[in-house]
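One structure below.
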Amino acid sequence: MWLHASCQLDLDIPTPTPFLLMLRPRNGEQQAIACEQYSYSPEVEANEFVDPFGNFCQRLVSPAGHFRISTSVTAEVAACADVAFGARFVEIKNLPIEVLPFLLPSRFCESDRFSQAAADIVTGQSAGYDQCVAIVRYIQQTVAYTPGQGQELISAAEVNQRPNGVCRDMAHLGIALCRALSIPARMVVGYLEGLQPMDLHAWFEAFVGDRWYTFDATQFDPLGGRIAIAYGRDAADVAIFTQFGNAVDLRDMQIRVEAVNDPFLD
């Protein structure tokens, strides 16, 4: 299926402020970028680089006053997330080198605190994909999805003590539990068609059966219709914008995602 997604950020900047941005998706195994637009108003010089996780990032200094960042993308994506019950656990000695960082505890995913909890949650499940499914079910049964109520950035251990959370919180908990079982897991930020209310979304991927699979505890079906923007160990790695030195006011953020016809036929 084809998706068109856009993001517009309107910020009030008190003084010239350095920014790192992460809003450009990349081609990958599960998405093919057909066309893309990216602009700043007022125009500024931006330097692009690729971070250690392969994300496209931009570095710039915004002027004081109103600053707008606009980006849009059309991409071919899967209509349904792949499901692979029984996909095997991959032993650490056989993991690709680039996957190894996603085994370790990170700032918001303290997997070293979840060893016993994770073992209890997956009791009786085959090692690998089926364990990840059990983790998602546990999160859905214990943490109510409450979009729009997650201003505070909290860790997986804190999420596990609360009755509700946003998509980012549920992803953190899933990642920590997977890593506690020596299953590599990473956070993904991007777009999801049909999300209500519409916003940027977060989910996680786990590496089993020699590839990454999508898991999203906010949804009860294996939904596709996703455009991934950035990957990282946790939310600290995938912030869509980071400012330095000055507090800025995010006046407005507009996210749109819609299915479109094949762009090459339009």
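The table for this structure:
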{"quantity": "Cleavage-rule hits, GluC sites (Glu not before Pro), the stretch 58-160, DSSP coil, Cβ neighbours within 10 Å at most 16", "calculated": "Glu91, Glu152"}
{"quantity": "Among Ala171, Ala117, Gln254 the positive-end extreme of the charge dipole of the chain (Cβ point charges)", "calculated": "Ala117"}
{"quantity": "Inter-label distance, nm, simple model (7 Å from Cα along the C-beta direction), Tyr145/Gln125", "calculated": "1.7 nm"}
{"quantity": "Extension gain from Gln254 to Arg26, taking 0.36 nm per residue of separation minus the Cα-Cα distance", "calculated": "80.0 nm"}
{"quantity": "Sparsely packed chymotrypsin sites (Phe, Trp or Tyr not before Pro) within the stretch 181-231, loop by DSSP, other Cβ within 10 Å at most 12", "calculated": "Phe220"}
{"quantity": "Candidates Leu192, Leu173, Leu11: whichever shows maximal mean-square fluctuation once the chain is modelled as a Gaussian network with Cα springs under 10 Å", "calculated": "Leu11"}
{"quantity": "Evaluated at q = 0.23, 0.28 Å⁻¹: base-10 log I(q)/I(0), Debye formula over Cα of the stretch 190-234", "calculated": "-0.89, -1.24"}
{"quantity": "Cα-Cα pairs of the chain separated by more than 24 Å (percent)", "calculated": "49 percent"}
{"quantity": "Assigned charges on the beta-carbon of Lys, Arg, Asp, Glu; the chain dipole about Cα centre (debye)", "calculated": "540 debye"}
{"quantity": "Per-pair calculated FRET efficiency, R0 = 22 Å: Arg68 and Glu36 via Cβ, rounded to 0.05", "calculated": "0.80"}
{"quantity": "The stretch 66-135: trypsin sites (Lys or Arg not before Pro) falling in loop per DSSP and having at most 14 other Cβ within 10 Å", "calculated": "Arg107"}
{"quantity": "Residue with peak Gaussian network fluctuation, the chain [Cα springs, cutoff 10 Å], from His66, His201, His172", "calculated": "His66"}
{"quantity": "MRE, 222 nm, helices only [DSSP H, n ≥ 4, -39500 (n - 2.57), over the chain, to nearest 500]", "calculated": "-4500 deg cm²/dmol"}
{"quantity": "Cα-Cα pairs of the stretch 127-266 separated by more than 20 Å (percent)", "calculated": "49 percent"}
{"quantity": "Formal net charge of residues neighbouring Val90 (Cβ-Cβ distance under 15 Å; K, R +1; D, E -1)", "calculated": "0"}
{"quantity": "Distance between the stretch 58-93 and the stretch 198-266 - C-alpha centres, whole angstrom", "calculated": "5 Å"}
{"quantity": "Net charge, Arg211 excluded, C-beta distance under 12 Å - Lys, Arg +1, Asp, Glu -1", "calculated": "-3"}
{"quantity": "Label-reachable residues, the stretch 225-266, where backbone N falls under 19 Å from a point 7 Å from Glu98's Cα toward its Cβ", "calculated": "227-234, 237-238"}
{"quantity": "Under 16 Å from the Arg211 label point (7 Å along Cα→beta-carbon), backbone N, the stretch 89-106", "calculated": "89-90, 96"}
{"quantity": "Cα-projected label distance for Asn261 with Gln161, points at 7 Å along beta-carbon direction, nm", "calculated": "5.6 nm"}
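Taken together, the values in this text are just the output of simple stated rules run on the coordinates, not laboratory data. Only a predicted model underlies this, so the values are computations on that prediction, with no experimental measurement involved. Please note: Cβ atoms are built from the backbone with ideal geometry, for glycine as well, and neighbour counts cover all protein chains shown.
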